[in-house]
Amino acid sequence: MAKIRHGWLIVCLLALVMGGTAVAQEPSPQLFITNTNTSSLPTVELRVYGLDEFGEPLDISGQTIAVSADGNTVPPVVVGTDAVGTFTLFLIDITPGLAEQLTAIEQAVVQFASPPTMAEQLDAIAIYQIGETAALPLLPPDKFHNSVRNLFAGGITPIEGTTALIDSTLTLLDQIGSLKPDAAMATSIVIISDGTDVVSSSSFDDVTRRASEMGVPVHTIWGNNPNLTETNREEGKGHMRTLAANTRALALDLDKASDLPLIWNRIASFRNQTRISFTPAATGGGETTITLALVENPAVQAQTAVTIPTNVPSVTLNIPTDSRTLTLPNVDDPLQLRLGATVTWLDGVERTLTAAQLKVNNTFFDIPTSDLTGFEVEITDLTYGSNTFQLVVLDDQEIRAQSPPIQMLIEEGDTAIPDALQTSALGSGRIFLNIFLFLLVVAVLAGLLLFGWRAGWFRPRRRPQVRIEDGPNVPRQAPPQPARTPAAPRADPAPRPTAHPHAIARLQIVESTTPIATEFPLTAATIRLGRSPANNDIAFEQDITVSRQHAILHLEGVQYRLYDQNSTSGTWVNEQRVPEHGTLLFDGDDVHLGAVHLRFTQP
């Protein structure tokens, strides 16, 4: 019997170890589709975001994401990002032992509910208190900073006795769907507690499984409870760290307030979500199953069903790919362009358009519906950098549709407009200019010919005559030659200046945590900077303030322009934040990517 009991004990221990190992396995990446859009048929658009195995935003691009429609692979195109916002649930434990740290807890939450980590009227926050059996609401979902401050100004009453940390967390996870102000928001939970729980009916493993399934990171902030024994304090701290690690989140200590922005910035990095578009191989209408997967890990997928109606207009704005870059001396003056579009219906029925507008950077310009194949429009509200062009139409069914967005790049310089976009007036003027220049060249050549004829350039040269004197013995004499004046010695020509080639620009590393070269020559037209070595030309792998894809350098003529890539900590040039249209770099400019300090040189 003793051997049997010993054997059962071993089996039970193995089961516990294997079970614990299963929970502690490194989480896999996750993809989420938060919106579908069929208003730009035949192109379908999805809005997506994802978490990598470390809990950071996934890199969503045409190289990292594969899309299939009903099993047929289609190439995806990243068309932009949407500021969707984040939803953060705070679950705070206010027991007598932690009441002394209530001020620190309040300061931590208020620190989060401030710019830039919480954007008012975009991001949302809710605050709950760990109760005896379930979470107790203190502040329902709200989008204003002052709501958080007013909550703590009124004071919070500590709960006497034991609290159910695990059961309170599970009740919040179950309520997330109904609490979210916007179902598309990326959600995070932040627990502030000592990590102990002796009354819950569930376990920390249950929380881990539920949060992992939902893709909700559970960040933990451990508070030191002086009423606990040293053993219980360490046990609670271990629970908090394990829960955070198993849900791809961060675990910090309440008494290290300077570290808390690491959690806040991680949450804020999910504010923007990526829009990708694609055209299914078959667009005959009906329901289509869309599958999104990681190229390097096809098992990581997200699926959705899209219904494509057959009576919706399919709109295409016809701008050739090689005609999508313009150069203008300024963007304040209106710009006249000639564009064209095609409108069809999947069911083949021709219908009438009742209205049409060109949408440029969220500004609408009315255009005639009589002939969309070629129309002229005066455009304002342009910016240097990328500009989004779309055509929006309304047909006689009162159905609204728009073309897939086209990105038009406007650079600063002398006016240069592609021929395909020039208006008839501009085209006629150019024809007249060419004719005038041709006639001018002909006139100059004719004048040169006339001048040369008058100057005798084209007359035959006469041979000099030599007179022969009478008499056979008289020698012939050459005609007298004019006296020659000795020529002055020719001076050596002045040395001509040597044309120096364009100096190579360089990026010097002034301050960085990452062991990296101190200087990089910039020879490519496009140079990417960020934390990920796989996606950047210059990588700062160990600098946590640098985003995975932080910034990009783009060569314009002989100078580089620096663009920010929606980074978390921002890109700065000479202490000025880089705007959306980028900043042109000059010799000696100081560049900051988060805490990384660079210097741009171009003698």
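The numbers here are math on the coordinates, done by the rules we state, and not lab data. Here the structure is a predicted model, which is why all the values come from computation and not from measurement. With ideal geometry, Cβ positions are generated from the backbone for all residues, glycine too; neighbour counts draw on all protein chains shown.
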key: Nitroxide proxy distance, nm - points 7 Å out along Cα→Cβ at T342 and E53   = 4.5 nm
query = With the Cα gyration tensor of the range 274-338 giving a ≥ b ≥ c as the square roots of its eigenvalues, does the rule (a/c under 1.5 for rounded; else a/b larger than b/c for prolate; else oblate) give rounded, prolate or oblate?
reply = oblate
key: Neighbour-count order for E575, E376, E45, fewest beta carbons within 10 angstrom listed first   = E575, E376, E45
key: Under 5 Å, built H, 5+ apart or other chain: amide partners of T514   = Q542, D543
For the range 86-268, alpha-carbon Rg and Dmax in angstrom = 14.8, 44
request  = For I92, enumerate residues with amide H under 5 Å from its amide H, sequence gap 5+ or separate chain, H modeled in the peptide plane.
outcome  = Y128, Q129, I130, I192
query = What list do you get for H592, H219, H554 if you sort them by fewest beta carbons within 10 Å?
reply = H554, H592, H219
inquiry  = So the label point goes 7 Å from the Cα of R400 along Cα→C-beta, right? Which residues of the range 292-324 then have their backbone N under 17 Å from it?
reply    = 312-315
request  = Please work out the FRET efficiency for the pair S424 and H597, using the Cβ-Cβ distance as r and a Förster radius of 51 Å; give the result to the nearest 0.05.
outcome  = 0.45
key: Cut-off 18 Å, label 7 Å out along Cα→Cβ of N72, residues of the range 246-289 by amide N   = 277-289
ask   = Using a basic spin-label model with each label point 7 Å from the Cα along Cα→Cβ, how many nm lie between A281 and D253?
value = 5.8 nm
request  = Set the Förster radius R0 to 25 Å, insert the Cβ-Cβ distance between N574 and A525 as r into 1/(1 + (r/R0)^6), and round the FRET efficiency to 0.05.
outcome  = 0.55
key: Label zone at T103 (point 7 Å along Cα-to-Cβ), backbone N below 19 Å, the range 216-231   = 223-227
key: For the range 313-425: rounded, prolate or oblate by the Cα gyration tensor [a/c cutoff 1.5]   = prolate
query = Modelled label-to-label distance, V199 and T415, 7 Å Cα→beta-carbon offset: nm?
reply = 7.7 nm
task = Determine ³J(HN,Hα), in whole Hz, for all residues of the range 209-221 in sequence, where each value follows from phi through the Karplus function 6.51 cos²θ - 1.76 cosθ + 1.60 and θ = phi - 60°; x replaces Gly and Pro.
result = 4, 5, 5, 5, 4, 7, x, 10, x, 10, 6, 10, 10
key: Using θ = phi - 60° and Karplus 6.51 cos²θ - 1.76 cosθ + 1.60, couplings along the range 48-65 (whole Hz; Gly, Pro as x)   = 9, 8, x, 10, 7, 5, 9, x, 8, x, 5, 7, 9, 8, x, 8, 9, 10
note = At R0 = 51 Å the Cβ-Cβ FRET efficiency linking T373 and T518, nearest 0.05, sits at 0.35
remark   = Any residue on another chain or 5+ positions along whose placed amide H is under 5 Å from the amide H of A505 is listed here as L522
task = Using the Karplus curve 6.51 cos²θ - 1.76 cosθ + 1.60 with θ = phi - 60°, work out ³J(HN,Hα) for each residue of the range 255-260 in order, rounded to whole Hz, and write x for Gly and Pro.
result = 7, 10, 4, 5, 8, 4
inquiry  = Is the C-alpha gyration tensor of the range 199-239 telling us rounded, prolate or oblate? Criteria: a/c under 1.5 is rounded; beyond that, a/b larger than b/c is prolate, otherwise oblate.
reply    = prolate
query = So which chymotrypsin sites (Phe, Trp or Tyr not before Pro) in the range 502-603 are both in a DSSP loop and have at most 14 other Cβ atoms within 10 Å of their Cβ?
reply = F586
